[in-house]
Amino acid sequence: MHLRRQHLMTLLNALYSEGVTTLTVEHPSPQIDTLLRIDLGDDATATVRFPTPLDEYRETREQIQLEHGDAPYSDLPDPHEFVAALTGCGLVELANREAVDEYLEQVCYPAIEAGDAPLMIGIDANIFPWGFPEQLGIDHVTGAEDAKGRTPTNGYALSNGVVEELRWQYTQHHADALVAAFGDEFERLAEQPGGAKRAGRLGIRAYQSLIATRNVDLVHSEKGDSAIVDGYVRYDEAHYKEPLLLSNDRGFINQATEAGLAAQRLAFKSTLPHRTSVSWRTVAEALYSLAMQFGVVRLPKVTLYGVWTEKDDQHWRNDEVDITFRGSQSSVRRPIVRHRRIATEYDRLM
């Protein structure tokens with residue numbers, strides 16, 4: 001069964017209605033095992049625990065490389081990528097969130113009516129897949145207006161040099177080594193992007209979505225930090241618009257700042273918290289992110305595939321995952337089908 005990202009709440013509702021209030025999100029390999037442990041509350045909040053410290057995850061990943069080779073090792077996100085995805089979906093806070101908020105408060109909400117230049121967000125490749133502008137509240141459509149009705153920003157200035165850095169994700173692989181290392185679930189990952197390449201594919205999907213739904217200027221440059229910064233300098237000089245660059249790369253931010261551009265680094269934590277409290281919606285976003293990062297994750301009664309052999313461009317455009325039901329789980333399947341039908345009809349009417 002295919003389910004769109006925005007409809008993953010129906011899975012949580014179905015499990016909860018069947019009395020499943022504690023969810024373990026597991027990688028099929030017993031070496032990796034539990035990624036998250038989630039307690040669903042009855043007030044639309046959830047407590048999420050991180051049972052595996054990052055250092056332990058790193059060591060396990062390296063052990064898998066020794067035992068099974070480079071392909072399974074590369075299919076697993078490295079610890080930095082893992083934290084990036086958890087941060088992007090809202091489970092983990094930015095390491096420098098206070099500094100980020102202070103900076104954005106200074107530069108956002110331009111007074112266009114008073115002559116300020118429109119502020120246009122530029123996104124580096126290393127954070128493109130994870131939707132940080134919306135999470136930070138600075139997207140010009142979803143971000144809250146200030147007391148004078150000003151939006152935090154006025155659109156996006158997206159570099160084709162950054163987009164080209166995301167396109168390496170199209171390399172595809174056979175799944176034999178993954179099956180040998182992780183189990184039969186990985187047979188379905190053949191001919192799909194593997195490992196970090198899936199994040200690249202998500203970045204391309206995010207780019208396409210912004211082009212289709214937001215006010216976007218295209219900034220021309222070659223690949224590489226220096227070329228991309230130079231492209232934004234030319235854009236800044238040629239238009240009465242100011243780019244605001246976001247990146248996890250300290251060197252990129254330093255180059256941009258030295259060139260006179262507005263720029264802010266988004267730093268990720270080096271450790272995971274023991275637990276956190278979030279909304280069910282954030283949990284649903286986390287399930288999507290983990291299914292995409294790891295390719296396959298197991299929950300009680302169901303298995304989520306972020307990619308599968310038949311996944312095509314339309315599935316990617318729809319942000320779909322595939323759900324398989326383990327054993328005789330019609331009691332979970334029925335409410336998902338019913339709620340998905342309602343949600344799909346609602347989306348059509350809206």
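Brief remarks follow.
- Accessible-area value, Glu18, 1.4 Å probe, nucleic acids and ligands omitted, Å²: 80 Å²
- Available extension along the chain between Ala114 and Glu191 is 22.4 nm, counting 0.36 nm per residue and deducting the alpha carbon span.
- Bridge type composition, region 212-350 - antiparallel percent by DSSP, nearest 5: 65 percent
- Relative to the longest principal axis of the Cα atoms of the chain, the long axis of helix 196-213 makes an angle of roughly 50 degrees.
- Fraction of beta bridges assigned by DSSP in the chain that are antiparallel (%, nearest 5): 65 percent
- Per-residue HN-Hα couplings for region 110-126 [Karplus 6.51, -1.76, 1.60; θ = phi - 60°; Hz; x = Gly/Pro]: x, 8, 4, 5, 9, x, 5, 6, x, 9, 10, 7, x, 10, 7, 4, 6
- Thr22 versus Thr45: modelled label distance in nm, points set 7 Å from Cα along the beta carbon direction: 2.0 nm
- Estimated purely from DSSP H runs of n ≥ 4, each contributing -39500 (n - 2.57), the mean residue ellipticity at 222 nm for the chain is -13000 deg cm²/dmol once divided by its residues.
- When each of the peptides 225-235, 190-200, 62-72 is scored by how many other beta carbons lie within 10 Å of its residues on average, the order from highest to lowest is 190-200, 225-235, 62-72.
- Of the residues His239, His7, ranked by 1.4 Å probe accessible area with the largest first, the sequence reads His239, His7.
- In summary, the aspartates and glutamates within cross-link reach of Lys241, defined as a Cα separation below 17 angstrom excluding same-chain residues under 8 places away, comprise Glu113, Asp116, Asp139, Asp217, Asp230.
- Near the amide H of Ala157, within less than 5 Å, lie the amide hydrogens of Ile121, Gly122, Asp217, all on another chain or at least 5 residues away, with H placed in the peptide plane.
- With each label modelled as a point 7 angstrom along the Cα→C-beta vector, the Lys269-Phe325 pair spans 3.7 nm.
- Amide H contacts under 5 Å for His2: Ile323, restricted to partners 5 or more places along the chain or on a different chain, H placed in the peptide plane at 1.01 Å from N.
- Computed 3J(HN,Hα) for region 266-277, one whole-Hz value per residue from the Karplus formula 6.51 cos²θ - 1.76 cosθ + 1.60 where θ = phi - 60°, is 9, 9, 9, 6, 9, 9, 9, x, 5, 7, 8, 10, glycine and proline marked x.
- Split the accessible area of the chain by element, probe 1.4 Å, and carbon with sulfur accounts for 46%.
- Spin-label model distance (nm) - Arg214 vs Asp312, 7 Å beyond Cα toward Cβ: 2.9 nm
- Interchain or long-range residues, amide H under 5 Å from Glu242's placed H: Leu119, Met120
The values are calculated or read from the model by the stated rules, or taken from the named source; none is laboratory data. Here the structure is a predicted model, which is why all the values come from computation and not from measurement. Every residue, glycine among them, receives a Cβ derived from its backbone with ideal geometry; neighbour counts consider all protein chains shown. Surface accessibility is based on the protein's heavy atoms, side chains included, excluding ligands, DNA and RNA. Shrake-Rupley method; radii C 1.70, N 1.55, O 1.52, S 1.80 Å.
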